[in-house]
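Colleague: Quick one: structure below, then a few questions.
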Amino acid sequence: MSLLPYAPNAAEGGDPALAAGACCKPRTEYYVDTGKGESPSRFCFRFRRAPRAAGRSLGHTAARREPREARVLGKGMDGYRFTTDLFRIEPGEDEDINPRRYGRQFAQWLKAQLQSRGYPVEPVIDEDWGRCLMCARDPFALWVGCGNEVDYGTAQPGDPPPPAEQVVWRCFAMAEVPWWKRWFTAVDAAPALARLNAVLHEILCAEPRIRLLSDDEA
């Protein structure tokens, strides 16, 4: 017995192209093939696909490692971009994650800033795209991503890191709720996410050596 995609054929009033798999709709029907020749429509059932997580990357298309054990549905904020001379790029720090991805000092500084404002931030988590600062895990994961916008388009193999003051840094807030909590409880992560995003803005604006950038600034 197997689970196969199902779409009505022409005899059932459906589109033959859909039955052939030419289109993928947000709602997908499946049928159970028992191998006994029963009509698929007798065993048809439906489910609605869950939306993809709305996380933001740091200008990198590689899939990131999840900073948690379970698959979750998430909502992220656009985040903030800025330049500063506060942080230095440490030798070899991008070997912990991916080439030309920096921000170890940035992550430690931001961790201290968040802790001073009441967030019990865990030790910094290295990710493929940068660093993750986990601020809470219950009743949902609330965290900040931080790192730099990489220069893959201009950098050549073997090039040294750019001067720190020329790096465009970025941070963003993210809230993620495990799927099973969404099924069985009403969890509203929006207020906590909005508050964390506002705290990030407050932290950056309070530092005179940070210059926030607009979306169209390089």
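The values are calculated or read from the model by the stated rules, or taken from the named source; none is laboratory data. What you see is a predicted model; the values in this text were computed from it and never measured. Note: ideal-geometry Cβ built from the backbone for every residue, glycine included; neighbour counts use all protein chains shown. Just the protein is used for accessible areas: all its heavy atoms, side chains included, with ligands, DNA and RNA removed. Shrake-Rupley method; radii C 1.70, N 1.55, O 1.52, S 1.80 Å.
Colleague: Please give the FRET efficiency for residue 207 paired with residue 159, using the beta carbon to beta carbon distance and R0 = 35 Å, rounded to the nearest 0.05.
Modeller: So, using R0 = 35 Å, E works out to roughly 0.75.
Colleague: Going by amide H atoms built from the backbone, whose H comes under 5 Å of the H on residue 136, apart from near neighbours?
Modeller: Amide H neighbours of residue 136, under 5 Å, 5+ apart: 142.
Colleague: Could you compute the FRET efficiency for residue 105 and residue 78, with r as their C-beta to C-beta distance and R0 at 25 Å, rounded to 0.05? Mind showing how you got there, number by number?
Modeller: Details: r = 24 Å, r/R0 = 0.94.
Between residue 105 and residue 78 the formula returns 0.60.
Colleague: May I pose another question? How big is the range 78-218 in terms of Cα radius of gyration and Dmax, in angstroms?
Modeller: Answer for the range 78-218, Rg first and Dmax second: 16.0, 52 Å.
Colleague: May I pose another question? Between residue 85 and residue 190, what is the FRET efficiency for a Förster distance of 35 Å, r being their Cβ-Cβ separation, to the nearest 0.05?
Modeller: Working: r = 35 Å, r/R0 = 1.00.
In this case the efficiency is close to 0.50.
Colleague: Sort 104-111, 143-150, 187-194 by the packing proxy (mean of other Cβ within 10 Å over each peptide's residues), most packed first. Mind showing how you got there, number by number?
Modeller: Numbers: 104-111: 19.8, 143-150: 24.0, 187-194: 14.0.
In descending order of packing, they fall as 143-150, 104-111, 187-194.
Colleague: D for the range 83-146, whole µm²/s, Stokes-Einstein with Kirkwood Rh over alpha-carbon pairs at 10 °C and 1.306 mPa s: what number?
Modeller: On the way: Rh = 12.3 Å.
Answer, rounded: 129 µm²/s.
Colleague: Also: Could you tell me the accessible area of residue 138 in Å² (1.4 Å probe, neighbours in place), rounded to the nearest ten?
Modeller: Around 120 Å² of this residue is reachable by solvent.
Colleague: For the range 150-166, in order, what is each residue's ³J(HN,Hα) by Karplus, 6.51 cos²θ - 1.76 cosθ + 1.60 with θ = phi - 60°, in whole Hz (x at glycine and Pro)?
Modeller: So the J values, rounded to whole Hz, are 6, 10, 4, x, 10, 6, 10, x, x, 5, x, x, x, x, 4, 6, 9.
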